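Worksheet: the structure to be examined is printed underneath.
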Amino acid sequence: MSTSDSTTCPVLQGPENFQIWRLRITAKLRVEQVYGVVSGAELAPSSAAPPPAAAAPLPHQSL
């Protein structure tokens, strides 16, 4: 997820802010491209991130 200040997660405080919270959290999940997984419309990926690629040896390192 993004860490920018403009995309902070809204806080649900109770029934009094539920409607605005629902709109804001739905928008945030869509921006982060995870709404389909959260809503159940898409399957979750099998892993959180692909494995890192093997690093190429530095020129001074022997193989």
Original post:
Taking region 33-48, which residues are within 10 Å of the chain's Cα centre (by Cα) and modelled with pLDDT under 90?
Top reply: 48
Subject >> Residue identified as modelled with pLDDT of 90 or more and assigned to a helix (DSSP H, G or I) among 12, 23 >> reply: 23
Subject >> Cβ-Cβ under 6 Å pairs, at least 6 apart or on other chains, region 29-40 side farther than 18 Å from residue 8 by Cα, far side part of a loop (DSSP other than H, G, I, E, B) >> reply: 36/42; 37/44
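The values are calculated or read from the model by the stated rules, or taken from the named source; none is laboratory data. Values in this document were obtained by computation on a predicted structure and should not be read as measured data. Heads up, the Cβs are rebuilt from the backbone with ideal geometry, glycines too, and the neighbour counts pull from every protein chain shown.
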